[in-house]
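Since the structure comes first, as C-alpha coordinates, the remarks are kept for the end.
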Amino acid sequence: MKKFGTSFVILMVFMVICTSGLNVAYGKGNGKDPSLNPNRILNVAHRGASGYAPEHTLVSYELGERLKGDYIEIDLQMTQDGKLIAMHDEKLDRTTNGTGYVKDYTLAEIKQLDAGSWFNEKYPDLAKPEYVGLKVPTLEEIIQKFGRSGRYYIETKSPDVYPGMEEELIRILDKYKLIGQNAPSSKVLIQSFSPESLIKIHSLNPKVPLVQLISYSKPATITDEELNNIKQYAIGVGPSYTKIDQEYVEKVREHDMLIHPYTVNTREDMEKLLDWGVTGMFTNYPDILNEVLKNR
Ligand code: G3P
Ligand code: CA
(Lines give C-alpha, C1' and ligand atoms only; values in the text may rest on other atoms or scores of the structure.)
(Ligands and ions follow the chains in the order given, each with its own letter.)
Protein backbone atom coordinates (compact mmCIF):
# COMPACT_ATOMS: atom_id res chain seq x y z
CA MET A 1 0.00 0.00 0.00
CA LYS A 2 2.79 2.31 0.95
CA LYS A 3 4.56 1.48 -2.32
CA PHE A 4 1.37 2.19 -4.33
CA GLY A 5 1.01 5.46 -2.47
CA THR A 6 4.51 6.57 -3.42
CA SER A 7 3.97 5.65 -7.09
CA PHE A 8 0.69 7.50 -7.10
CA VAL A 9 2.32 10.61 -5.69
CA ILE A 10 5.10 10.41 -8.28
CA LEU A 11 2.50 9.99 -11.06
CA MET A 12 0.53 12.98 -9.82
CA VAL A 13 3.66 15.13 -9.62
CA PHE A 14 4.55 14.07 -13.15
CA MET A 15 1.06 14.97 -14.41
CA VAL A 16 1.14 18.34 -12.70
CA ILE A 17 4.49 19.09 -14.30
CA CYS A 18 3.22 18.00 -17.74
CA THR A 19 0.03 20.01 -17.40
CA SER A 20 1.89 23.07 -16.23
CA GLY A 21 4.13 22.79 -19.30
CA LEU A 22 1.07 22.75 -21.56
CA ASN A 23 -0.34 25.69 -19.68
CA VAL A 24 2.80 27.64 -20.36
CA ALA A 25 2.53 26.78 -24.03
CA TYR A 26 -1.16 27.34 -24.57
CA GLY A 27 -2.87 28.77 -21.54
CA LYS A 28 -5.28 25.86 -21.21
CA GLY A 29 -7.77 26.48 -18.44
CA ASN A 30 -7.42 30.20 -18.95
CA GLY A 31 -10.00 30.93 -21.62
CA LYS A 32 -9.85 34.66 -20.91
CA ASP A 33 -6.30 34.85 -22.15
CA PRO A 34 -6.34 35.33 -25.89
CA SER A 35 -2.63 35.27 -26.43
CA LEU A 36 -1.68 31.72 -25.74
CA ASN A 37 -4.78 29.76 -26.53
CA PRO A 38 -4.70 28.42 -30.09
CA ASN A 39 -8.49 28.13 -30.12
CA ARG A 40 -8.86 31.86 -29.63
CA ILE A 41 -7.70 33.82 -32.69
CA LEU A 42 -5.49 36.69 -31.64
CA ASN A 43 -6.31 40.06 -33.21
CA VAL A 44 -3.22 42.29 -33.07
CA ALA A 45 -3.73 45.99 -33.81
CA HIS A 46 -0.60 46.55 -35.89
CA ARG A 47 1.07 49.86 -34.90
CA GLY A 48 -2.33 50.57 -33.33
CA ALA A 49 -5.27 50.82 -35.72
CA SER A 50 -2.80 52.21 -38.22
CA GLY A 51 -5.13 51.86 -41.18
CA TYR A 52 -7.11 54.78 -39.74
CA ALA A 53 -4.69 56.90 -37.69
CA PRO A 54 -0.99 57.79 -37.63
CA GLU A 55 0.94 54.66 -36.62
CA HIS A 56 2.54 54.41 -33.20
CA THR A 57 0.71 57.36 -31.70
CA LEU A 58 -1.53 57.21 -28.64
CA VAL A 59 -4.47 58.01 -30.91
CA SER A 60 -3.73 54.98 -33.04
CA TYR A 61 -3.36 52.71 -29.97
CA GLU A 62 -6.61 54.05 -28.46
CA LEU A 63 -8.40 53.24 -31.68
CA GLY A 64 -6.80 49.79 -31.70
CA GLU A 65 -8.35 49.15 -28.29
CA ARG A 66 -11.69 50.70 -29.25
CA LEU A 67 -11.89 48.49 -32.34
CA LYS A 68 -11.26 45.55 -30.02
CA GLY A 69 -7.79 44.47 -30.96
CA ASP A 70 -6.65 41.94 -28.36
CA TYR A 71 -3.21 43.55 -28.30
CA ILE A 72 -1.70 46.81 -29.47
CA GLU A 73 1.49 46.24 -31.42
CA ILE A 74 4.42 48.49 -30.57
CA ASP A 75 7.75 48.72 -32.42
CA LEU A 76 10.60 50.03 -30.29
CA GLN A 77 13.53 52.28 -31.08
CA MET A 78 15.91 53.81 -28.51
CA THR A 79 16.92 57.46 -28.15
CA GLN A 80 20.43 58.81 -27.61
CA ASP A 81 19.68 59.08 -23.88
CA GLY A 82 18.44 55.49 -23.63
CA LYS A 83 14.66 55.96 -23.67
CA LEU A 84 12.48 53.42 -25.49
CA ILE A 85 10.07 55.06 -27.91
CA ALA A 86 7.38 53.73 -30.23
CA MET A 87 8.57 53.99 -33.81
CA HIS A 88 8.90 51.56 -36.69
CA ASP A 89 11.83 53.05 -38.57
CA GLU A 90 15.37 53.67 -37.34
CA LYS A 91 15.04 57.11 -38.94
CA LEU A 92 12.61 59.86 -38.05
CA ASP A 93 11.94 60.92 -41.61
CA ARG A 94 8.90 58.89 -42.67
CA THR A 95 6.62 59.38 -39.66
CA THR A 96 7.70 62.75 -38.24
CA ASN A 97 8.84 66.14 -39.49
CA GLY A 98 12.35 65.35 -38.25
CA THR A 99 15.29 63.87 -40.14
CA GLY A 100 18.06 61.45 -39.27
CA TYR A 101 18.44 58.53 -36.89
CA VAL A 102 16.55 58.13 -33.61
CA LYS A 103 19.80 57.07 -31.92
CA ASP A 104 21.28 60.53 -32.59
CA TYR A 105 18.55 62.46 -30.75
CA THR A 106 17.53 62.79 -27.11
CA LEU A 107 13.97 62.14 -26.06
CA ALA A 108 13.50 65.86 -25.39
CA GLU A 109 14.49 66.60 -28.98
CA ILE A 110 12.21 63.92 -30.42
CA LYS A 111 9.33 65.24 -28.31
CA GLN A 112 9.51 68.48 -30.32
CA LEU A 113 8.50 66.65 -33.49
CA ASP A 114 5.10 66.28 -35.17
CA ALA A 115 4.23 62.59 -35.59
CA GLY A 116 0.79 63.07 -37.14
CA SER A 117 0.85 65.55 -40.03
CA TRP A 118 2.59 63.11 -42.38
CA PHE A 119 -0.52 60.90 -42.18
CA ASN A 120 -2.85 63.74 -43.18
CA GLU A 121 -0.62 64.54 -46.13
CA LYS A 122 -0.29 60.92 -47.25
CA TYR A 123 -3.93 59.96 -46.69
CA PRO A 124 -6.08 63.08 -47.31
CA ASP A 125 -9.27 60.99 -47.23
CA LEU A 126 -8.49 59.92 -43.65
CA ALA A 127 -6.96 63.22 -42.51
CA LYS A 128 -8.13 64.79 -39.24
CA PRO A 129 -7.11 68.12 -37.70
CA GLU A 130 -6.42 66.43 -34.37
CA TYR A 131 -3.62 64.37 -35.91
CA VAL A 132 -1.55 67.52 -36.43
CA GLY A 133 1.14 67.83 -33.78
CA LEU A 134 0.78 64.36 -32.25
CA LYS A 135 3.84 63.39 -30.23
CA VAL A 136 6.04 60.30 -30.41
CA PRO A 137 5.15 58.32 -27.28
CA THR A 138 7.59 56.52 -25.02
CA LEU A 139 6.91 52.93 -24.05
CA GLU A 140 6.32 54.10 -20.49
CA GLU A 141 3.74 56.67 -21.59
CA ILE A 142 1.87 54.00 -23.53
CA ILE A 143 1.85 51.67 -20.53
CA GLN A 144 0.79 54.49 -18.21
CA LYS A 145 -2.14 55.21 -20.52
CA PHE A 146 -3.43 51.66 -20.99
CA GLY A 147 -2.27 50.18 -17.69
CA ARG A 148 -2.73 46.57 -16.71
CA SER A 149 -5.97 46.28 -18.67
CA GLY A 150 -4.00 46.75 -21.87
CA ARG A 151 -2.13 44.04 -23.72
CA TYR A 152 1.11 44.83 -25.46
CA TYR A 153 2.76 42.99 -28.36
CA ILE A 154 6.17 44.62 -28.36
CA GLU A 155 8.92 44.34 -30.99
CA THR A 156 12.59 45.00 -30.38
CA LYS A 157 13.60 46.76 -33.60
CA SER A 158 17.26 46.97 -34.66
CA PRO A 159 18.53 45.56 -31.34
CA ASP A 160 22.10 45.49 -32.69
CA VAL A 161 21.96 49.30 -32.94
CA TYR A 162 20.78 49.70 -29.35
CA PRO A 163 22.91 47.91 -26.75
CA GLY A 164 20.93 47.53 -23.52
CA MET A 165 17.56 47.73 -25.23
CA GLU A 166 16.41 44.36 -23.85
CA GLU A 167 17.45 45.19 -20.27
CA GLU A 168 15.58 48.50 -20.42
CA LEU A 169 12.50 46.79 -21.83
CA ILE A 170 12.45 44.18 -19.06
CA ARG A 171 13.07 46.87 -16.44
CA ILE A 172 9.99 48.79 -17.61
CA LEU A 173 7.80 45.69 -17.84
CA ASP A 174 8.87 44.69 -14.32
CA LYS A 175 8.27 48.22 -13.02
CA TYR A 176 4.66 48.15 -14.24
CA LYS A 177 4.16 44.49 -13.21
CA LEU A 178 3.26 43.39 -16.74
CA ILE A 179 5.25 40.16 -16.59
CA GLY A 180 3.19 37.37 -15.05
CA GLN A 181 4.14 34.39 -12.93
CA ASN A 182 4.04 32.32 -16.11
CA ALA A 183 3.53 32.90 -19.82
CA PRO A 184 -0.31 32.90 -19.85
CA SER A 185 -0.50 35.50 -17.10
CA SER A 186 1.77 37.88 -19.00
CA LYS A 187 0.28 41.14 -20.28
CA VAL A 188 2.94 41.26 -22.97
CA LEU A 189 4.23 39.25 -25.87
CA ILE A 190 7.64 40.20 -27.16
CA GLN A 191 8.57 39.70 -30.80
CA SER A 192 11.69 40.26 -32.84
CA PHE A 193 13.28 39.37 -36.14
CA SER A 194 16.49 38.94 -34.12
CA PRO A 195 16.88 35.52 -32.47
CA GLU A 196 19.76 36.98 -30.43
CA SER A 197 17.48 39.64 -28.97
CA LEU A 198 14.81 37.09 -28.05
CA ILE A 199 17.33 34.68 -26.54
CA LYS A 200 18.71 37.53 -24.47
CA ILE A 201 15.24 38.43 -23.22
CA HIS A 202 14.59 34.76 -22.46
CA SER A 203 17.75 34.66 -20.37
CA LEU A 204 16.75 37.87 -18.54
CA ASN A 205 13.26 36.58 -17.82
CA PRO A 206 12.09 33.18 -19.10
CA LYS A 207 8.48 33.91 -18.08
CA VAL A 208 7.89 36.37 -20.92
CA PRO A 209 6.25 34.72 -23.95
CA LEU A 210 8.21 35.35 -27.13
CA VAL A 211 7.44 35.18 -30.84
CA GLN A 212 10.14 34.80 -33.48
CA LEU A 213 9.43 36.99 -36.48
CA ILE A 214 10.78 35.58 -39.73
CA SER A 215 11.49 37.43 -42.95
CA TYR A 216 11.57 35.42 -46.18
CA SER A 217 12.54 36.67 -49.62
CA LYS A 218 10.54 33.95 -51.41
CA PRO A 219 7.79 31.41 -50.71
CA ALA A 220 8.88 29.58 -47.59
CA THR A 221 8.95 26.24 -45.86
CA ILE A 222 9.99 25.64 -42.28
CA THR A 223 11.73 22.52 -40.99
CA ASP A 224 11.27 20.50 -37.82
CA GLU A 225 14.82 21.43 -36.86
CA GLU A 226 14.15 25.16 -37.23
CA LEU A 227 10.98 24.92 -35.17
CA ASN A 228 12.67 22.83 -32.48
CA ASN A 229 15.40 25.48 -32.24
CA ILE A 230 12.91 28.34 -31.98
CA LYS A 231 10.91 26.40 -29.42
CA GLN A 232 13.87 26.55 -27.04
CA TYR A 233 13.00 30.18 -26.31
CA ALA A 234 9.77 31.17 -28.13
CA ILE A 235 6.17 29.97 -28.16
CA GLY A 236 5.41 30.99 -31.72
CA VAL A 237 6.48 32.40 -35.06
CA GLY A 238 5.46 35.44 -37.10
CA PRO A 239 6.13 35.16 -40.85
CA SER A 240 4.84 37.43 -43.60
CA TYR A 241 1.53 36.00 -44.74
CA THR A 242 2.59 36.54 -48.36
CA LYS A 243 5.35 33.93 -48.12
CA ILE A 244 3.57 31.02 -46.44
CA ASP A 245 1.03 28.36 -47.37
CA GLN A 246 -1.23 25.90 -45.59
CA GLU A 247 1.59 23.35 -45.27
CA TYR A 248 3.72 25.91 -43.45
CA VAL A 249 0.93 26.71 -41.02
CA GLU A 250 0.20 23.06 -40.34
CA LYS A 251 3.86 22.32 -39.69
CA VAL A 252 4.01 25.05 -37.05
CA ARG A 253 0.80 23.84 -35.43
CA GLU A 254 2.10 20.24 -35.36
CA HIS A 255 4.83 21.60 -33.10
CA ASP A 256 2.19 23.07 -30.76
CA MET A 257 3.42 26.54 -31.56
CA LEU A 258 1.47 29.71 -32.26
CA ILE A 259 1.62 31.36 -35.68
CA HIS A 260 0.80 35.05 -36.12
CA PRO A 261 1.40 36.18 -39.72
CA TYR A 262 1.84 39.86 -40.57
CA THR A 263 0.31 42.18 -41.86
CA VAL A 264 -3.10 41.06 -43.08
CA ASN A 265 -5.46 43.79 -44.19
CA THR A 266 -8.10 42.28 -46.48
CA ARG A 267 -11.07 40.05 -45.62
CA GLU A 268 -10.05 37.60 -48.31
CA ASP A 269 -6.55 37.10 -46.89
CA MET A 270 -7.88 36.89 -43.34
CA GLU A 271 -10.34 34.15 -44.34
CA LYS A 272 -7.64 32.22 -46.19
CA LEU A 273 -5.25 32.29 -43.23
CA LEU A 274 -7.97 31.29 -40.79
CA ASP A 275 -8.85 28.36 -43.06
CA TRP A 276 -5.19 27.34 -42.95
CA GLY A 277 -5.24 27.30 -39.14
CA VAL A 278 -3.30 30.36 -37.99
CA THR A 279 -3.71 31.28 -34.32
CA GLY A 280 -3.87 35.04 -34.87
CA MET A 281 -2.59 37.79 -37.10
CA PHE A 282 -1.34 41.36 -37.22
CA THR A 283 -3.66 43.78 -38.97
CA ASN A 284 -3.98 47.53 -39.49
CA TYR A 285 -7.77 46.99 -39.37
CA PRO A 286 -8.75 45.13 -36.18
CA ASP A 287 -12.42 45.94 -36.86
CA ILE A 288 -12.33 44.08 -40.16
CA LEU A 289 -10.72 41.03 -38.58
CA ASN A 290 -13.37 41.04 -35.87
CA GLU A 291 -16.11 41.15 -38.51
CA VAL A 292 -14.52 38.22 -40.31
CA LEU A 293 -14.24 36.26 -37.06
CA LYS A 294 -17.83 37.03 -36.09
CA ASN A 295 -19.19 35.70 -39.38
CA ARG A 296 -17.35 32.36 -39.28
O1 G3P B 1 5.73 42.71 -35.96
C2 G3P B 1 4.99 42.15 -36.99
C3 G3P B 1 5.21 43.03 -38.13
O4 G3P B 1 4.95 44.30 -37.63
C5 G3P B 1 6.59 42.94 -38.62
O6 G3P B 1 6.81 43.84 -39.61
O7 G3P B 1 7.95 45.83 -40.39
O8 G3P B 1 5.60 45.99 -39.63
O9 G3P B 1 7.41 45.67 -37.97
P10 G3P B 1 6.94 45.41 -39.38
CA1 CA C 1 6.30 45.30 -35.90
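The values are calculated or read from the model by the stated rules, or taken from the named source; none is laboratory data. These figures come from a predicted structure and were not determined experimentally. Using ideal geometry, Cβ is built from the backbone for each residue, glycine included, and neighbour counts are taken over all protein chains shown. All accessible areas refer to the heavy atoms of the entire protein, side chains included, with ligands and DNA or RNA removed. Shrake-Rupley method; radii C 1.70, N 1.55, O 1.52, S 1.80 Å.
For a quick check of understanding: with a 1.4 angstrom probe and all protein chains in place, what accessible area in square angstrom does Asp70 have, to the nearest ten?
30
What residues qualify as long-range amide H neighbours of Thr279, i.e. H under 5 Å apart, gap of 5 or more or another chain, H built at 1.01 Å from N?
Amide H to amide H, under 5 Å and 5 or more residues apart or across chains, Thr279 pairs with Ile259.
How large is the accessible surface of Ser50 in square angstrom, using a 1.4 angstrom probe and rounding to the nearest 10?
20
Work out the FRET efficiency for Lys145 and Lys218 from their Cβ-Cβ distance, taking R0 = 51 Å, and round it to the nearest 0.05.
Rounded to the nearest 0.05, the efficiency is 0.80.
So what is log10(I(q)/I(0)) for the stretch 170-296 at q = 0.11, 0.21 1/Å, when the Debye sum runs over its Cα atoms only?
-0.41, -1.22
Over the chain, what is the relative contact order in percent, taking alpha-carbon pairs closer than 8 angstrom and at least six residues apart?
Result for the chain is 18 percent.
List the relative contact order of the stretch 181-296 as a percent without decimals, with contacts defined as Cα pairs under 8 Å and 6+ residues apart.
Once divided by the residue count of the stretch 181-296, the mean separation gives 19 percent.
Considering the alpha-carbon set of the chain alone, what are its Rg and its Dmax in angstrom?
Every Cα atom of the chain included, Rg and Dmax give 20.1, 79 Å.
Report the far tail of the P(r) of the stretch 26-172, meaning the percent of Cα-Cα pairs longer than 28 Å.
Percentage above 28 Å: 20.
How would Leu178, Leu204 line up by accessible area, probe 1.4 Å, largest first?
In descending accessible area the options line up as Leu204, Leu178.
Any chance you could look up the accessible area of Val132 with a 1.4 Å probe, heavy atoms only, rounded to 10 Å²?
Approximately 90 Å² for this residue.
How large a share of the accessible area of the stretch 77-160, in percent, is made up of carbon and sulfur atoms when the probe is 1.4 Å and the other protein chains stay in place?
So the carbon and sulfur contribution to the accessible surface is 48 percent.
Using only Cα atoms, what Kirkwood radius does the stretch 89-166 have, in angstroms?
14.2
Arrange the peptides 275-285, 258-268, 90-100, 223-233 so that the one whose residues have, on average, the most other Cβ atoms within 10 Å appears first.
Going from most to least packed, we get 275-285, 258-268, 90-100, 223-233.
Any chance you could list P(r) for the stretch 128-245, counting all Cα-Cα pairs in 10 angstrom bins from zero, rounded to whole %?
With a bin width of 10 Å, the distribution comes to 12, 39, 31, 16, 2, 0.
Could you pull out every whole DSSP H run in the chain that spans at least 24 Å of Cα extent along its own axis and averages 1.0 or higher on the Kyte-Doolittle scale?
2-26
To make sure I understand the rule: partners must be lysines, Cα under 28 Å from the Cα of Lys231, and not fewer than 8 residues away in the same chain. Which ones qualify?
Lys28, Lys32, Lys157, Lys175, Lys177, Lys187, Lys200, Lys207, Lys218, Lys243, Lys251, Lys272
Accessible area per residue for the stretch 124-274 in Å², computed with a 1.4 Å probe and the full protein assembly in place, what is it?
On a per-residue basis, the stretch 124-274 sits at 46 Å².
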